[in-house]
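Colleague: Following this message is one structure expressed as structure tokens.
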Amino acid sequence: MRYKEYKIYTGGILENTQQEINDLIKRRYEELDELKAMNIETFAYKFDVDSYSTEIKSDFEKYEQKDVAVAGRLMAIRKMGKASFVQMQDTKGRIQAYIRKDDVGEDVYKAFKLMDIGDIVGVKGYVFKTKMGEISVHAKELVLLSKSLRPIPIAKEVVDANGNKKVFDQFSDIELRYRQRYVDLIVNPEIKDVFAKRSLIVRELRNFLDGRGYMEVETPVLQQMYGGANAKPFVTHHNALDIPFFLRIADELYLKRLIVGGFDGVYEIAKDFRNEGMDKTHSPEFTMMELYVAYKDYEWMMNTVEEMVEHVCMKVFGTTKFNIEGTEIDFKGPWQRVSMVDSIKEKSGVDIVTASIDELKTELKKHHVKLEGNENRGQLIDELFEAVVEADLVQPTFLYDYPIEISPLAKKHKDKEGLVERFEGFVMGREICNAFSELNDPIDQRERLEAQSRNKEAGDEEAQQVDEDYLRAMEYGLPPTAGLGIGIDRLVMLLTNQSSIRDVVLFPHMKPETK
RNA sequence: GGGCGCGUAGCUCAGUGGUAGAGCAUCUGCCUUUUAAGCAGAGGGUCGGUGGUUCGAGACCACCCGCGCUCACCA
């Protein structure tokens, strides 16, 4: 790691400190001392902002010669002796301020000379346009709001006549950008848009669901019994009860308990945790939206997903058409619908309804799929689907009717043996949602969970547990119910055209920094 | 976990075995409408870490740490 530790003596504030330090940081601490010696407040309490950079620039006629109060981080300082220009970056963008000794006063200008790129300042003054045509604030007052004690990895940028921004020496080290996202956000402000879009996407999901009358609820993160998905959990310990707790891997079983309890439509948008590997599409904690609606089935849910995604696209982006990694994708419904049986038959010629285990294995071998040897029929079919079909599901597509073995919480198909009423939505070859007609027969459910439990004993670490309380709830009566799960991170990845989950998560997990 | 690649100044990067470099940033001086401001000068390094090869290692070898891509695993 590039993290360094020094112990230095400056005779000042840094005496006997133990922290990352270099000449640039040392210099800033010295400036801090000098400013304090001048009775300058180096960390202020408040500043009343009344205007923002982009608004002043986009509505110049209204602001011209008017007094404004702006605040932001100094991103460029151009000193020309007794007058200077600075670029201030506020939450919306950047604006130039003109600092003239004659206007702000000798003392303030002297203090200004001790300010650095990265410092947060407030400026009060009037709006004008320079000789070169740049809309600026002519400062009458300049105050330091927060002294920055670390050099920020500043890049210079130039905007050409066409409005295209070119950045020089951009802060681009991926590791540092993730580890110090706060710096990334300062110096690469365009990424803020991805997170703003994420926020809007979640808001519009809520608006859609609330508009349908479904109730948002909160269910336990800490669970004595985990379930609702096949995954390895995180384990923690509750001291007072002296028992282990699992961090939830899904909301499903609690939400369906609420359907039992008489809520007809409930949803939750929350973090799930799975103790598995991390890569471009997997994060150990991720955000899931789950929705359960009583008296509906999976076909109804397909329509709902189409409407929901279309709603989000239109509200947030104003269109259903997206260019994702160079491919034109249209989320407008109706989406293509194809059964797993038909899609595999079309791509490989294999009829998974009649094929024997050996035939499935032979076909998988043709596609170079490595098997452990103990896969059941459903798992083999799923493998075959992933090998021959999944990557080709580019435009939004519902794939429906899954093998029963890999769907222990889904209702048996009303007339197709060995299958359940389940679908997943795919875009760009990636799964974006998973849904089914919920299994509401407690006797069937017990058999399925016990089969899972046997798998677990046979070594399947991700098999589900037999949740007796959930089975008890089901015995009281779960109405026919349609359920849905959407991975929010992956949906945001698609809609914002980001190829890594880490680029839609503000603080992605990293291995510890070593000193 | 396997394979490939990367790690040099605050940032972005050169440096193919012989005195550690550039641009920006920083510091000093000049400069009252500049804008990748300019001009003149200066400082700044455990070359990710530990061993090894060599007269000599930033470079070569081994191991370790971190990051990326990819495969495996996996929602």
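Colleague: If you restrict to DSSP beta bridges whose two residues both lie in chain A, what percentage is antiparallel, to the nearest 5?
Modeller: The antiparallel fraction comes to roughly 90 percent.
Colleague: Here is a further query. List residues of region A:332-365, by number, whose backbone nitrogen lies under 14 Å from a label position 7 Å along Cα→C-beta of A:LYS416.
Modeller: Backbone N within reach: A:337-346, A:351-355.
Colleague: At 222 nm, what helix-only mean residue ellipticity would chain A give, in deg cm²/dmol to the nearest 500, using -39500 (n - 2.57) for each DSSP H run of four or more? Write down the numbers at each step before the final one.
Modeller: On the way: 16 runs with 164 residues, N = 515.
Per the formula, -9500 deg cm²/dmol.
Colleague: Quick check: residue separation of A:GLU513 and A:GLN465 times 0.36 nm, minus the Cα distance between them. What number comes out in nm?
Modeller: 13.7 nm
Colleague: What are the GluC sites (Glu not before Pro) within region A:447-515 that DSSP puts in a loop, where the Cβ has at most 12 other Cβ atoms within 10 Å?
Modeller: Values: sites: A:GLU447, A:GLU450, A:GLU457, A:GLU461, A:GLU462, A:GLU468, A:GLU475, A:GLU513; in loops: A:GLU461, A:GLU462, A:GLU513.
In loop regions of region A:447-515 (DSSP not H, G, I, E or B), the sparsely surrounded GluC sites (Glu not before Pro) are A:GLU461, A:GLU513.
Colleague: Could you state the number of Å between the C-alpha centres of region A:370-406 and region A:57-74?
Modeller: Region A:57-74 and region A:370-406 have Cα centres spaced 58 Å from each other.
Colleague: In whole angstrom, note down how far apart the Cα centers of region A:472-502 and region A:132-184 are.
Modeller: 38
Colleague: Which of A:VAL183, A:THR236, A:PRO220 sits farthest toward the positive end of the charge dipole of region A:138-246, with +1 on the Cβ of Lys and Arg and -1 on the Cβ of Asp and Glu?
Modeller: Farthest towards the positive pole: A:VAL183.
Colleague: Mind giving me the nanometre distance, one decimal, between the label points for A:LYS332 and A:THR319, set 7 Å out from Cα along Cα→Cβ?
Modeller: Each label point is offset 7 Å from its Cα along the Cβ direction, giving 1.2 nm.
Colleague: Then there's this: Using label points projected 7 Å from each Cα along Cα→Cβ, tell me how many nm separate A:LYS79 and A:ALA240, to one decimal.
Modeller: 5.8
Colleague: Report, in degrees rounded to the nearest 10, the 0 to 90 angle that the Cα long axis of helix A:357-366 makes with the longest principal axis of chain A.
Modeller: 40
Colleague: Could you give the nm distance between label points at A:ASN275 and A:ASP67, where each point is 7 Å from its Cα heading toward the beta carbon?
Modeller: It is 6.3 nm.
Colleague: Quick one: which of A:83-95, A:228-240 comes out on top by average Cβ neighbours within 10 Å, and what's the full order, highest first?
Modeller: Result, highest mean first: A:83-95, A:228-240.
Colleague: Go through A:65-72, A:433-440 and give me the packing order, highest mean Cβ count within 10 Å leading.
Modeller: Working: A:65-72: 17.1, A:433-440: 23.5.
So the peptides A:65-72, A:433-440, ranked by packing, come out A:433-440, A:65-72.
Colleague: Which value, in debye to the nearest 20, describes the size of the charge dipole of chain A about its Cα centre when Lys and Arg Cβ atoms bear +1, Asp and Glu Cβ atoms bear -1, and nothing else is charged? Can you show the working numbers first?
Modeller: On the way: 73 positive and 91 negative charges, 539 e Å.
So the dipole magnitude of chain A works out to roughly 2580 debye.
Colleague: Once the Cβ-Cβ distance between A:SER339 and A:VAL167 is put in as r, and R0 is 45 Å, what FRET efficiency do you end up with, to the nearest 0.05?
Modeller: Once the sixth-power term is evaluated, E becomes 0.35.
Colleague: Provide the per-residue ³J(HN,Hα) series for region A:43-54, in order, calculated from phi with Karplus coefficients 6.51, -1.76, 1.60 and θ = phi - 60°, each as a whole number of Hz, with x at glycine and proline positions.
Modeller: With coefficients 6.51, -1.76 and 1.60, one gets 9, 7, 9, 6, 8, 7, 7, 10, 8, 10, 3, 5 Hz.
Colleague: Averaged across orientations, what area in nm² does the convex hull of the alpha carbons in chain A project? Display every interim value, and only then the final one.
Modeller: Working: hull surface 124.5 nm².
The Cα convex hull of chain A, projected and averaged over all directions, gives 31.1 nm².
Colleague: Hey, how many Å between the Cα centroid of region A:240-283 and the Cα centroid of region A:432-448?
Modeller: 16
Colleague: While we're here: Of the peptides A:185-194, A:96-105, how do they stack up when ordered by the mean number of other Cβ atoms within 10 Å, highest first?
Modeller: A:96-105, A:185-194
Throughout, read-outs are computed from the coordinates displayed, never taken from laboratory work. Note that the structure is a prediction, hence the values are computed from the model and not measured. Methodologically, a virtual Cβ is constructed for each residue, glycine included, from the backbone with ideal geometry; neighbour enumeration extends over all protein chains shown.
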